[in-house]
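J.: Questions regarding the structure given below will be posed in turn.
The values are calculated or read from the model by the stated rules, or taken from the named source; none is laboratory data. All of these numbers come straight from a predicted model, not from anything done at the bench. Cβ placement follows ideal geometry from the backbone for every residue including glycine, while neighbour counts extend to all protein chains displayed. Protein only, heavy atoms only, side chains kept; ligands, DNA and RNA dropped before computing areas. Shrake-Rupley method; radii C 1.70, N 1.55, O 1.52, S 1.80 Å.
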Amino acid sequence: MSENGAGRKPTVFIDGEAGTTGLGIRERLERDGRVALKSIPHESRKDIAVKRELLQAVDLVVLCLPDAAAKETVALADTLPDGGPRILDASTAHRVDPSWVYGFAELEPAQAQAIREARRVANPGCYPTGAIALLRPLVEAGLIPSDYPISINAVSGYSGGGKSMIETYEAGQGEPFLLYGLGLGHKHLPETQTYSALTRRPIFIPSVGNFRQGMLVSVPLHLDTLPGSPTVADLENVLRAYYEGQDLVRVIPAAEEERIEPEALNDTDRLELRVFGKDAYRQAVLVARLDNLGKGASGAAVQNITLMLGLD
């Protein structure tokens, strides 16, 4: 374990710790016990002077804020000596900013080290985590062209929809199932396209089911339209080789399964990838399963905090 000074635990401030992601991060860090958590008194949470003082006093700040508020806190940190503390931003504000490191540690072999060394890290979105994990290896291997017309379908538990949606569903007033983002401009599209290494904007249709947490992300493919007309096994083999040795990302043989449910990884930080398909039909469906509150949010944040503070 790496500590800053003899016997001193690294200090972390979660700005926005009362939200779903912030609470999840705090609970995980408290269980882990290797960092000291600092907070702003509720009555002072909008006091800039108090926040500035706290930013100067901690090793790392985690931003669980709306985009505009996250940008304001980063601007405040930038005015401090040496740029203030290291920052992990869980909002969408900096995910495609080239001056920030993208916090998906399994993105490529050098990504975990880049996170360790970075002063500014953007935590990934839940939907992009599944989509990028499926697509990036296949694009890099040339099995999917970067300009291929990709469609991504996904379903999440209602906890991913924020405080208002959670209250609606837990009051028994939520819809059994709904599609949204039908204007095709979902805020997760830029990072999905960027880190999947796609040059053509994908179509992304998310949905919400009447369950608290859990997520499935799926990408259908016509194999005979891909370079070399790969088999289902070819796709699976590329994914398996790409993530070999990773603890949290696993490629699971689909075998003869014809159904998959979204909640099996709840309360874990794991991500499972599968390739369903039939060579006889020349069709396949890539599927990622994760907990939208785990590897899709708080779990990924704690993984990044651990890397940034040298606790891995």
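J.: For the chain, what's the relative contact order in percent, using C-alpha pairs closer than 8 Å and at least 6 residues apart?
T.: Averaging sequence separation for qualifying contacts and normalising by length gives 19 percent for the chain.
J.: If you line up the long axis of helix 126-140 against the longest principal axis of the chain, both from Cα atoms, how many degrees apart are they, to the nearest 10?
T.: Compared with the principal axis, the helix lies near 50 degrees.
J.: Only Lys, Arg, Asp and Glu count, each charged at its Cβ (+1, +1, -1, -1), so figure out the dipole size of the chain about its Cα centre, rounded to 20 debye.
T.: Values: 32 positive and 41 negative charges, 93 e Å.
The calculation lands at about 440 debye.
J.: Would any residue of segment 251-279 have its amide N under 14 Å from a label point 7 Å out along Cα→Cβ of ALA233? List them or say none.
T.: 254-255, 278-279
J.: Return a single number: how many Lys pairs in the chain, at a sequence separation of 8 or more or on separate chains, have alpha-carbon atoms below 15 angstrom apart. Please list the in-between numbers first.
T.: On the way: LYS9/LYS38; LYS38/LYS51; LYS46/LYS71; LYS51/LYS71.
The result is 4.
J.: Counting only DSSP beta bridges with both residues in segment 235-302, tell me the antiparallel percent, nearest 5. Walk me through the numbers before you get to the answer.
T.: Numbers: 8 of 11 bridges.
Restricted to segment 235-302, the bridges split so that about 75 percent are antiparallel.
J.: Subtract the Cα-Cα distance of ALA110 and GLU261 from 0.36 nm times their separation in residues, and report this length gain in nm to one decimal. Present the calculation step by step, with values, prior to reporting the outcome.
T.: Values: separation 151, 0.36 × 151 = 54.36 nm, distance 3.24 nm.
Extending this stretch completely gives an extra 51.1 nm.
J.: For segment 273-282, what does the Karplus curve 6.51 cos²θ - 1.76 cosθ + 1.60, with θ = phi - 60°, yield as ³J(HN,Hα) per residue in whole Hz, taken in order and with x for Gly and Pro?
T.: Using θ = phi - 60°, the values come out as 10, 9, 10, 8, x, 9, 4, 4, 8, 6 Hz.
J.: Could you tell me which residue out of ASN210, PRO128, LEU307 lies farthest along the dipole of the chain toward its positive end? Charges go on the beta carbon: Lys and Arg +1, Asp and Glu -1, centred on the Cα centre.
T.: LEU307
J.: How would you classify segment 149-289 from its alpha-carbon gyration tensor, with a ≥ b ≥ c the square roots of the eigenvalues: rounded for a/c under 1.5, else prolate if a/b is greater than b/c, otherwise oblate?
T.: Values: a/c = 1.91, a/b = 1.54, b/c = 1.24.
The shape class here is prolate.
J.: Could you work out what % of the accessible surface of segment 223-312 is carbon and sulfur, using a 1.4 angstrom probe and leaving DNA, RNA and ligands out of the count? Can you show the working numbers first?
T.: Working: 1920 of 4080 Å².
The nonpolar share, carbon plus sulfur, comes to 47 percent.
J.: Something else now. Which value in nm describes the separation of the simple spin-label points at ASP312 and ASP97, placed 7 Å from the Cα toward the beta carbon?
T.: 2.2
J.: Out of all DSSP beta bridges in the chain, what portion is antiparallel? Express it as a percent rounded to 5. Don't jump to the answer; show the numbers that get you there.
T.: Values: 23 of 49 bridges.
Close to 45 percent.
J.: Once the Cβ-Cβ distance between LYS163 and THR79 is put in as r, and R0 is 45 Å, what FRET efficiency do you end up with, to the nearest 0.05?
T.: Values: r = 30 Å, r/R0 = 0.68.
It comes out at approximately 0.90.
J.: Given labels modelled 7 Å from the Cα in the Cβ direction, how far is it in nm from ARG8 to ASP224?
T.: It is 6.7 nm.
J.: Still on this structure, I have one more. If R0 is 25 Å, what FRET efficiency do you get for ALA57 and GLU117 from their C-beta distance, rounded to 0.05? All intermediate terms of the calculation are to be shown ahead of the outcome.
T.: On the way: r = 23 Å, r/R0 = 0.91.
So the FRET efficiency works out to roughly 0.65.
J.: Helix-only estimate, please: 222 nm mean residue ellipticity of the chain, summing -39500 (n - 2.57) across DSSP H runs of length 4 or more and dividing by its residues, to the nearest 500.
T.: Working: 9 runs with 94 residues, N = 312.
After summing the helix terms and dividing by residue count, I get -9000 deg cm²/dmol.
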